[in-house]
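**Student:** One structure is given below, represented as structure tokens, and several questions about it will come after.
Coordinate-derived values only; no laboratory data. Only a predicted model underlies this, so the values are computations on that prediction, with no experimental measurement involved. Cβ placement follows ideal geometry from the backbone for every residue including glycine, while neighbour counts extend to all protein chains displayed.
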Amino acid sequence: MKNIQKRLIGAALFAALVATALAGKAFGGNYNEINRGCKKSAEAKGGASETEASLTKCVSKKDEGLVGRTAFSKTVAVNLNGSGVSVVAMQIPAGKRLVIEKVTAIVRGPESQRVEVDYMTYTGTGGVAGKTVHRLVLEKQASFKDSAIFTADRSEVVFADERIGGEHFSVGISARLTGAVGQPAQAQFKFSGYLEDLPAV
């Protein structure tokens, strides 16, 4: 009986640790990294009591910056038109910077044609000079008669500003085929990351 109780307690503690770690990531930051950095700085000042007090103050101060972040997840469908090229604008909330951490795509199209997908973001000076095109590499997963399914999965940190100077921007999402569309074709994108306030100019 005691062994069973120990196992149950151990499982509960493990679940609590996992939940805490996931909660920290929800704000876009690694709480453990903040904790270690603060502890190292506090220990350098000397004294156990001082270390504890400095650690609490440091973590609280750094964690304030994470609270302003809002988790972001959005799915956008791009239906290919008769020309085989289609672009959709994904709006960014006013006054925010979108930090993209992961992009996935599922494409359904003709078996006989090649599909290209990408998305565009704007930072820096904006306009053509501030535009970056992010191409996704598709991998074929299956074929059904004359149709095929492709997928892409890309993890990277990309910044997309809603406002640069006096101009407003969105994320441009593009899908294209090598030829005219003879049957229904669609590319479905999913963006994951977080939103934060634009830095003060």
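**Student:** Between K190 and E101, what is 0.36 nm times their sequence separation minus the Cα-Cα distance? Round to one decimal in nm. Spell out each step's value before the answer.
**Tutor:** Values: separation 89, 0.36 × 89 = 32.04 nm, distance 1.09 nm.
Working it through step by step, the gained length comes to 30.9 nm.
**Student:** Still on this structure, please answer the following. Between the alpha-carbon centers of the stretch 130-201 and the stretch 68-104, tell me the distance in whole angstrom.
**Tutor:** Cα centroid of the stretch 130-201 versus Cα centroid of the stretch 68-104: 7 Å apart.
**Student:** Charges at C-beta only: +1 for Lys and Arg, -1 for Asp and Glu. How large is the resulting dipole of the stretch 124-201 about its Cα centre, in Debye rounded to 20? Can you show the working numbers first?
**Tutor:** Working: 8 positive and 9 negative charges, 86 e Å.
Here the stretch 124-201 has a charge dipole of around 420 debye.
**Student:** How much length, in nm to one decimal, is gained on full extension between T125 and V137, taken as 0.36 nm per residue of separation minus their Cα-Cα distance? Before the final figure, lay out the partial values.
**Tutor:** Values: separation 12, 0.36 × 12 = 4.32 nm, distance 2.77 nm.
Full-extension gain reported as 1.5 nm.
**Student:** Say the dipole of the stretch 108-201 comes from +1 at the beta carbon of Lys and Arg and -1 at that of Asp and Glu; which of H134, T151, G182 then lies farthest toward its positive end?
**Tutor:** Highest projection toward the positive end goes to G182.
**Student:** 5 Å is the cut-off here: which amide hydrogens, built 1.01 Å from N in the peptide plane, fall below it relative to K102, excluding neighbours closer than 5 in sequence?
**Tutor:** Correct list: E156, S192.
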